[in-house]
Amino acid sequence: MAISRRSVLTAGAGAVAGLSLPAAAAQAGGRTAVRFTLDARTLDGGEQVTSVTLDTSRLGRVDPASLTTGTFTVHAKATSPIPIAPGDQIFSEYDLDRPVTAARLDRRGDIVLELSHAEGQTGGGTLGYILSRGRNVRLDLVYTITQHAPIVVRGRPVTFAGFRQGRLVNPEVDAFSHHVSGSGMKYRLFSPRRERGRRPLVVWLHGGGEGASLPDGYYDNETTLRANRGALGFATPEAQRIFDGAYVVAPQSTSFWLEDGDRFAPLIREIVDEVARRHPVDRDRIHVVGASNGGYMSLKMTTVYPRLFASSVPICGVVESLDPGGPRMITDAELTAIRTPTWLVTSRDDDTVPPEPNTVHAHELIPGSLLTLYDNVVWNGHQFPGHWSWIYVARNDPSIHGTHIWQWMARRRR
């Protein structure tokens, strides 16, 4: 199946649902069946299961000397939650053994099996990309643990009867609460720990691949936080210090923003108003940030609501027409009329949304706008696709005259 530029743009950013099984451990044949959780982290390239934690602390003190990387093996199977039609493709399904790189006890005394993982490593991701839908979906995960040698608990050798999979745990993602707006658009919300006085609000608008697929009945309110660190970056301790405590909201499109920006704009505005009404939000410090589809939508929001935002950060956003000879997604007149302080970010090697007719063109027309133009997208020694320049914003890397982008945003007032 051919992959067109339009299909990539409606896809967007980044890379499972853990199966919920009975939480209580059971006794079997004088041995114990142990529950375990899947521990995940959202890397720059998407969420991966990085370890599994066995609920063993309630059994008593485990002798750490009885744990080796060969005591247990871990097998993982990841499949699509949506039926895949003949001829269609889904990327990132897998059925393989996950190498155990370390076996240790955590502070509670539970056994933690660290699993091999890295940017770009196959097997371990929680999302799959369905080509015909242009969507990332949470894969159904089944993890199987096998014990190959007894462990020592309270001085006695113990072999468990079996293992029961629990939920997927990602503390950064789990810190965002689930919500549905009055119009039915889903969103996730991070709240600062101390709601002292009125706080800023950062609106994160996702890439095309993180929207819903309503024809499949799929609208998960999850992939926006699991495909990349775009929203999560603003909830980190570093960002929260810079913004002095900020709310972070991540709406999820019912399809993809580029489908109909005029229709989606008031639905996003409704979420902003809802959050500001229910929480102590400083309406003079509302910021909009978006990647790819969301980069387009962040520009769109500043054309539709010119006095709503204190700043706008469109990342590799679409401005030109998606189809040869078609209308521009954001017209030159609209760009020229933008008065919201704007900092644009992209990479020269972006072959999905070419910089010159999109980000660079927007920078040339938006009065007073700033531009960070990278040569490529490299973080911690790993080179990502050129389209993924949102990684830099999620890490507060863009800087002009010594001022980084988060600090620049935090200083802006409407």
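Quick look at the values:
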{"quantity": "Residue under evaluation E172, criteria (1) within 17 Å of G46 (Cβ to Cβ); (2) at pLDDT 95 or above; (3) of a type outside the set (S, T, Y); (4) open to solvent by less than 50 Å² (accessible area, probe 1.4 Å), criterion not met", "calculated": "(4)"}
{"quantity": "Listing of strands (runs of 3 or more DSSP E) fully contained in region 231-338 that carry 3 or more residues being more than 19 Å from E364 (Cβ to Cβ) and in contact with a helix residue (DSSP H, G or I) (Cβ under 7 Å, 6 or more places away or on another chain)", "calculated": "247-252, 281-291"}
{"quantity": "Pairs with Cβ under 6 Å, 6+ apart, first in region 34-46 and among the basic types (K, R), second at pLDDT 95 or above", "calculated": "R35/D55; R35/R164; R35/G166; R41/T50"}
{"quantity": "Total residues in region 34-58, condition open to solvent by 20 Å² or more (accessible area, probe 1.4 Å), within 17 Å of the chain's Cα centre (by Cα) and closer than 18 Å to H75 by Cα", "calculated": "1"}
{"quantity": "Helices (runs of 4 or more DSSP H) completely within region 351-414 that count 1 or more residues being under 21 Å from the mean Cα position of the chain (by Cα) and modelled with pLDDT of 95 or more", "calculated": "390-394, 405-411"}
{"quantity": "Residue satisfying all of: in region 81-109; hydrophobic (A, V, I, L, M, F, W, C) and crowded, with 16+ Cβ neighbours inside 10 Å; nearest to E222 (Cα to Cα) among these", "calculated": "I82"}
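The values are calculated or read from the model by the stated rules, or taken from the named source; none is laboratory data. Owing to the predicted nature of the structure, the values given are computational and were not obtained by experimental measurement. Please note: Cβ atoms are built from the backbone with ideal geometry, for glycine as well, and neighbour counts cover all protein chains shown. Just so you know, the surface numbers come from the protein's heavy atoms only, side chains and all, with ligands and any DNA or RNA stripped out. Shrake-Rupley method; radii C 1.70, N 1.55, O 1.52, S 1.80 Å.
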